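Student: Below are the structure tokens for one structure; questions will follow.
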Amino acid sequence: MRLYYSCYLLVVLLLAGCAEPADAQLPADAKYELEEAYPSVEFNSPVEAVWVKEGQGRLYVVDQEGKIFWLPGTASAGTKQNLFLDISDRVVAGGERGLLGLTFHPDFQNNGYFYVNYTAGNPLQTRISRFKAPTGNSGQVDPGSETILLTFQQPYGNHNGGKVTFGPDGHLYVAVGDGGSGGDPQNNAQDRSNLLGKILRLDVNNTSGNRTYGIPADNPYANNPEGFREEIFAYGLRNPWKISFDQETGRLWAADVGQNKIEEIDIVEKGGNYGWRIMEGSDCFKPSSNCDEKNLIKPVHEYTHADGVSITGGFVYRGKAMPELQGKYIYADYVSGKVWALSLNKDGTKADNALLLTTGFPVSAFGQDQNNELLVLSYGSEGKIYRLNRQAK
Ligand SMILES: [Ca+2]
Ligand SMILES: [Ca+2]
């Protein structure tokens, strides 16, 4: 098998002029499976798993109700989760609400800062907050160490986006849904005077004016005279349920949940308009025909509700165990449980989309472990963390 692989890769490399085999098809006989990464550990509703390389390394897992736990890098039979932070007193959870996002400052080891995205109540709102972990990697985080960076109201309970992640530029990116209901009744995603239906970019290492964060100087609407929110990086999104950076190319990927028909994947460019609610995927939505597609960026890939109902974004695979997946974007559908690998051509157009497996449980999120192998989170009654593997022959 290894020989077959080497030859396969060699041929592809030769054909591609020794470039990355981005447009390689998967071997026809490749089969994939999930193995339990932590067999003795279960969560209520896991929605995030983030690896941090500090000391021995830890995997941090977010439970939607408002708790963060950590796990050691390698599981043994008796491995249990350890409570890291409990803010369930201030999180409003249920449905698409809750503690939804977690990311660590690039200098976390020195400053102890990490960032969360959660919904709170009275009135319903999204908060982007910073917490500070105690030094020396010991004990739990004081819930009183919270600094709220950004708050904005949520007109409806659904479509809260939730992901926060640092880009290669050191700035914090935030995925925000259109506010909710159905069909974006307030037309928020196209309205650049508010933060809903957007990807935001904040400079958390500086402040500007009365903000507790800075606006990166090259944000598309920095110092704009039109009254657009300066935090906006891209707009026209419905409910981006997971965004991620490819750690090799720096490309920003977003999975945007569709309305009635089409789930989509976008490559996010600064200042880009991704179409919602004018379009759902590459179809007109409002108006339902002859919509003005000018300046709208189409998905790099989309699928209809024949294959799933709600997309869950993942990561571009940068592990070593499955070289045939190198450079491919791995993602899933929350409802159908299908897990796919999407590859692009060098010009950024779609090359291939291959079904890897069907999980049999709702996939709420992906994570990357210490070796950049992919973790798959099961939501609901199971609440387990799996690792994606290629089946041995
Ligand atoms: Ca909402
Ligand atoms: Ca779109």
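The values are calculated or read from the model by the stated rules, or taken from the named source; none is laboratory data. Because the structure is a prediction, the values reported are computed rather than measured. Cβ: placed from backbone, ideal geometry, glycine included. Neighbour counts: every protein chain shown. SASA here: full protein model, heavy atoms, side chains in, ligands and nucleic acids out. Shrake-Rupley method; radii C 1.70, N 1.55, O 1.52, S 1.80 Å.
Student: Could you grab the pairs with beta carbons closer than 9 Å, sequence gap of 6+ or different chains, first residue in region 98-127 and on the phi > 0 side of the Ramachandran plot and open to solvent by 10 Å² or more (accessible area, probe 1.4 Å), second one in a loop (DSSP other than H, G, I, E, B) and within 16 Å of ligand 1 (Cβ to nearest atom)?
Tutor: ASN122/VAL92
Student: Out of (1) of a type in the set (Val, Ile, Thr); (2) modelled with pLDDT of 95 or more; (3) touching a Ser or Thr at 6+ places or on another chain (Cβ under 7 Å), what's the single condition that is false for VAL141?
Tutor: (3)
Student: Continuing with the same structure: Please verify whether GLU302 is part of a loop (DSSP other than H, G, I, E, B), farther than 20 Å from SER181 by Cα and open to solvent by 30 Å² or more (accessible area, probe 1.4 Å), treating the condition exactly as stated.
Tutor: no
Student: To continue, here is another question. Cβ contacts < 7 Å: first residue part of a loop (DSSP other than H, G, I, E, B), restricted to region 273-285; second residue polar (S, T, N, Q), any location; separation 6+ or different chain. Result?
Tutor: ARG277/ASN187; ARG277/GLN190; ILE278/GLN190; PHE285/GLN259
Student: Something else: Which condition breaks for ASN389 when tested against (1) open to solvent by less than 50 Å² (accessible area, probe 1.4 Å); (2) touching a His at 6+ places or on another chain (Cβ under 7 Å)?
Tutor: Checking ASN389 against (1) open to solvent by less than 50 Å² (accessible area, probe 1.4 Å); (2) touching a His at 6+ places or on another chain (Cβ under 7 Å), the one that fails is (2).
Student: Considering each of GLN190, GLN247 in turn, give the residue that is part of a loop (DSSP other than H, G, I, E, B), under 23 Å from the mean Cα position of the chain (by Cα), of a type outside the set (D, E, K, R) and within 16 Å of ligand 2 (Cβ to nearest atom).
Tutor: Numbers: GLN247 fails: within 16 Å of ligand 2 (Cβ to nearest atom).
Of the residues listed, the single one that is part of a loop (DSSP other than H, G, I, E, B), under 23 Å from the mean Cα position of the chain (by Cα), of a type outside the set (D, E, K, R) and within 16 Å of ligand 2 (Cβ to nearest atom) is GLN190.
Student: Identify, from the list GLY180, GLY214, the residue that is within 19 Å of ASN239 (Cβ to Cβ) and either modelled with pLDDT under 95 or open to solvent by less than 50 Å² (accessible area, probe 1.4 Å) (or both).
Tutor: Working: GLY214 fails: within 19 Å of ASN239 (Cβ to Cβ).
Testing whether each residue is within 19 Å of ASN239 (Cβ to Cβ) and either modelled with pLDDT under 95 or open to solvent by less than 50 Å² (accessible area, probe 1.4 Å) (or both) leaves just GLY180.
Student: Right, here's the next one. Looking only at residues in region 25-74 that are under 20 Å from GLU96 (Cβ atoms) and either touching a His at 6+ places or on another chain (Cβ under 6 Å) or among the small types (Gly, Ala, Ser) (or both), which one is most open to solvent (accessible area, probe 1.4 Å)?
Tutor: Filtering region 25-74 for residues that are under 20 Å from GLU96 (Cβ atoms) and either touching a His at 6+ places or on another chain (Cβ under 6 Å) or among the small types (Gly, Ala, Ser) (or both), the one most open to solvent (accessible area, probe 1.4 Å) comes out as SER45.
Student: Which pairs do you get when a residue that is farther than 16 Å from GLY162 by Cα and more than 10 Å from ligand 1 (Cβ to nearest atom), found in region 176-192, comes within reach of a residue that is open to solvent by 10 Å² or more (accessible area, probe 1.4 Å) and in a loop (DSSP other than H, G, I, E, B), reach meaning Cβ atoms under 6 angstrom, with the pair 6+ apart or on two chains?
Tutor: ASP184/ARG277; ARG192/PHE228
Student: Okay, moving on. So if I check each of LYS286, LYS261, which one is over 20 Å from the mean Cα position of the chain (by Cα), closer than 16 Å to VAL309 by Cα and surrounded by fewer than 17 Cβ atoms within 10 Å (Cβ to Cβ)? Can you show your working first?
Tutor: Numbers: LYS286 fails: closer than 16 Å to VAL309 by Cα.
Of LYS286, LYS261, the one residue that is over 20 Å from the mean Cα position of the chain (by Cα), closer than 16 Å to VAL309 by Cα and surrounded by fewer than 17 Cβ atoms within 10 Å (Cβ to Cβ) is LYS261.
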